[in-house]
Structures are given as C-alpha cells and as structure tokens.
Amino acid sequence: MTAHNAAPHDAAPNDPARTGRQVTVRFAATTGGSGPLTRGQGDMVRCIMCDAPEQINRESVWPVPPGATLAAGLRALGALVERHESLRTSFPPGFGPDGFPDSQVVHGDGRFAVTVIEAGGLDDRELDALAARLGEADVAVPVELTAVPRVRFTLLADGPDLLRLVAVVCRAGADGAATGLLIQDWYALAAGKELPPVTAPTPIQIAAAERSPGAAAR
C-alpha cells in the first residue's frame, strides 16, 4: 500500500478532513475473465448512465471491530475485493453511438484508492458527525463504470488505530442484501478471521446461464 497527500473532500480550516490522503490498495485474485452482461448488469448500467448519482448512490458507516488497526482495515478491503468478483468487475464502453457497454471484465489483479482521514481527538459524537458529512458529500460523485470497485471507501483513523469506515455504494450495483453481505465479510476480515470460499454463481456464470438454450426456451 502506498499513500500520498490529496484533497478528497472540501474541508474547513479546522476540519480533520484537511489531513486526508489517498492510500493505494492492491488486490490479486485467482479468478478473472470477461463475458457478456447479465440482464441485471444491463439494467444497472442504464441507471448509472442515466440517473443522477444522488439517486443511485447510498452512504453508510460500516461497523469497525474493536481494536482494529488502520493497516488491518486496508488489508481487509483488499481481501474483500479479491473475494467478490462483482467488486472486481468493470464495464468498458461498447462500440455503439451511446457507448453502452456490451461486456463485463473481471479483473484478476489491480489497485484502487482509499481515502484516509486523520480524526484523532474527536469523541464518538464528533466522529459520527464527520463520517455522516463525508458520506453525504461523496454520494454526489458519479460512479465510474470502467473502474473497480463500485464502492468508495473513506477510513477515519487516529494514527495506527481505525475509528470509522464510510462507504458509498452504488445501489444499482449492490442492493441492501448484497451490501449487508459486504459489511459482514469486511468486519470478519478486519477482525482477522478466515472466511469460507464464495459458492454463489459469478456474474460471468450467470450471463452464460441466461444465454443457455434452456434459459432461452423458458
């Protein structure tokens, strides 16, 4: 992981957000590939391309395991992206006049940026208020179809200690149930637990099943 100073949020002079920085998290999974869109992905892409970000992005503050470190939280985010192919999926522009994607690409490895904000010295109420303010501001930022993951993360920290995790999830890409699973998995990973392999069908497998002769006959 590497870091550099950035200005991810508009901050008042005395706002802890003024010390925000971007940390690069790398991931390397064992799966990857490409294929056509699923029906659900097609609907999702249409929403992202046509709707205002505020209509499809939702912010939430994810629970942090007691005693979790910033390093553990960042590693858990990388492991979360490795674990879920949907988080590693991008949608390159298609060749039509509107550029609507006609394929999905599951990245086997890559990197993404996480915003880290030093918030030491704040009490729980102040931390919650800062997390809510940052999440509300980030909702207005559009989701990039060509980038992974379709979740933006902001971590509030006090030096090596992790205090809060703010996530902005594209609702067109992850509904409430899917987001709940991501929160559950991240919490376990940040707490140092091992998770069983994912057994649910991957998006590429779903797309293939939708195009199978049996599916077409139904």
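The values are calculated or read from the model by the stated rules, or taken from the named source; none is laboratory data. What you are looking at is a predicted structure, and each value in this text was computed from that prediction instead of being measured. Here the Cβ positions follow ideal geometry from the backbone for every residue, glycine too, while neighbour counts run over all protein chains shown. In case anyone asks, the SASA skips ligands and DNA or RNA and just uses the protein heavy atoms, side chains included. Shrake-Rupley method; radii C 1.70, N 1.55, O 1.52, S 1.80 Å.
Candidates in region 7-36 are the residues that are modelled with pLDDT under 95 and hydroxyl-bearing (Ser, Thr, Tyr); of these, the one that is farthest from the chain's Cα centre (by Cα) is Thr19.
Answer yes or no as to whether Val143 is on the phi < 0 side of the Ramachandran plot and in contact with a Cys (Cβ under 9 Å, 6 or more places away or on another chain). Yes. Select from region 78-132 the residues that are more than 30 Å from Pro203 (Cα to Cα) and open to solvent by less than 20 Å² (accessible area, probe 1.4 Å) and write down the one among them that is nearest to the chain's Cα centre (by Cα). Checked region 78-132; the qualifying residue nearest to the chain's Cα centre (by Cα) is Val116.
Here is the figure for region 30-63: residues that are open to solvent by 30 Å² or more (accessible area, probe 1.4 Å) and under 21 Å from Val114 (Cα atoms) total 6.
Sort through Asp161, Asp185, Asp175 and tell me the only one that's more than 19 Å from Glu136 (Cβ to Cβ) and at pLDDT below 95. The match here is Asp175. Would a scan of region 100-114 turn up a residue that is within 15 Å of Val45 (Cβ to Cβ), of a type in the set (S, T, N, Q), outside any loop (DSSP other than H, G, I, E, B) and touching a Pro at 6+ places or on another chain (Cβ under 7 Å)? The answer is yes, given that some residue of region 100-114 is within 15 Å of Val45 (Cβ to Cβ), of a type in the set (S, T, N, Q), outside any loop (DSSP other than H, G, I, E, B) and touching a Pro at 6+ places or on another chain (Cβ under 7 Å).
What about Ala131, is it aliphatic (A, V, I, L, M) and outside any helix (DSSP H, G or I)? For Ala131, the condition - aliphatic (A, V, I, L, M) and outside any helix (DSSP H, G or I) - is not met. Please go through region 64-77 and give me each residue that is of a type in the set (Gly, Ala, Ser), crowded, with 19+ Cβ neighbours inside 10 Å and part of a helix (DSSP H, G or I), ordered by number. If the condition is that a residue be of a type in the set (Gly, Ala, Ser), crowded, with 19+ Cβ neighbours inside 10 Å and part of a helix (DSSP H, G or I), then Gly73, Ala76 are the ones that fit.
Can you confirm whether Val166 is under 14 Å from the mean Cα position of the chain (by Cα), within 27 Å of Phe91 (Cα to Cα), modelled with pLDDT of 95 or more and crowded, with 18+ Cβ neighbours inside 10 Å? Yes: the conditions hold for Val166. Total residues in region 138-155 satisfying the condition of being in contact with an Asp or Glu (Cβ under 8 Å, 6 or more places away or on another chain), within 22 Å of Thr24 (Cβ to Cβ) and of a type outside the set (Lys, Arg): the figure is 2.
Within region 170-184, residues that are touching a residue at least 60 places away in the same chain (Cβ under 8 Å) sit with their Cβ atoms under 6 Å from residues that are part of a helix (DSSP H, G or I), at 6+ positions apart or across chains, in these pairs: Cys170/Ile56; Arg171/Ile56; Ala172/Met44; Ala172/Cys47; Ala172/Ile48; Ala172/Ile56; Gly173/Met44.
Check region 158-169 and report whether any residue there is of a type outside the set (A, V, I, L, M, F, W, C), out of contact with any His (no Cβ under 9 Å at 6 or more places or on another chain) and assigned to a loop (DSSP other than H, G, I, E, B). Scanning region 158-169, I find at least one residue that is of a type outside the set (A, V, I, L, M, F, W, C), out of contact with any His (no Cβ under 9 Å at 6 or more places or on another chain) and assigned to a loop (DSSP other than H, G, I, E, B), so the answer is yes.
A count restricted to region 18-29 and to residues that are part of a strand (DSSP E or B), open to solvent by less than 50 Å² (accessible area, probe 1.4 Å) and more than 21 Å from Gly192 (Cβ to Cβ) stands at 2. Taking Ala147, is it surrounded by fewer than 17 Cβ atoms within 10 Å (Cβ to Cβ) and part of a helix (DSSP H, G or I)? Spelling it out, it is not the case that Ala147 is surrounded by fewer than 17 Cβ atoms within 10 Å (Cβ to Cβ) and part of a helix (DSSP H, G or I). Which members of region 170-182 meet the condition of being buried (at least 18 other Cβ atoms within 10 Å of the Cβ) and in a helix (DSSP H, G or I)? Listed by number, the residues that qualify are Thr179, Leu182.
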